[in-house]
Amino acid sequence: MAIDKDEDPAAGSAGLRALTAFKKQLEEAKSQVNKEIGNYPSPIPACDAQFNYLLEERSKISVALKRVDTLLTKCQTEILEIETIEELIKTSNQIDDRMAAGLRAAFNRTNP
């Protein structure tokens, strides 16, 4: 179901706020992972599972940030489908239950 910004002008701003909050959460998570990578004791063997996990986590966060930036841009000019938000929630391991509920509420305003 799409949000009709003409019917509910607050829907767009609620969506922007929710996506912006998630973006901030992602940026903080990426900063934390970068600190852990920067403080990792060397030398780092190629088979170090924990270090490789941190690199993978940083990559996943970067992908999620790009998706959120794309959605933020679209949200300003288009009506986003709740299915788009559900897909973001399913594919990002950085979204906790509270953030997921906030995103759903912001983008499902016409269908409570």
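General remarks:
- Subset of the range 24-80 (residues that are assigned to a helix (DSSP H, G or I), among the hydroxyl-bearing types (S, T, Y), open to solvent by less than 60 Å² (accessible area, probe 1.4 Å) and over 22 Å from D96 (Cα atoms)): none
- Number of residues in the range 83-103 that are within 16 Å of R17 (Cβ to Cβ) and open to solvent by less than 80 Å² (accessible area, probe 1.4 Å) equals 8.
The values are calculated or read from the model by the stated rules, or taken from the named source; none is laboratory data. All of these numbers come straight from a predicted model, not from anything done at the bench. Heads up, the Cβs are rebuilt from the backbone with ideal geometry, glycines too, and the neighbour counts pull from every protein chain shown. Note: areas computed on protein heavy atoms with side chains; ligands, DNA, RNA excluded. Shrake-Rupley method; radii C 1.70, N 1.55, O 1.52, S 1.80 Å.
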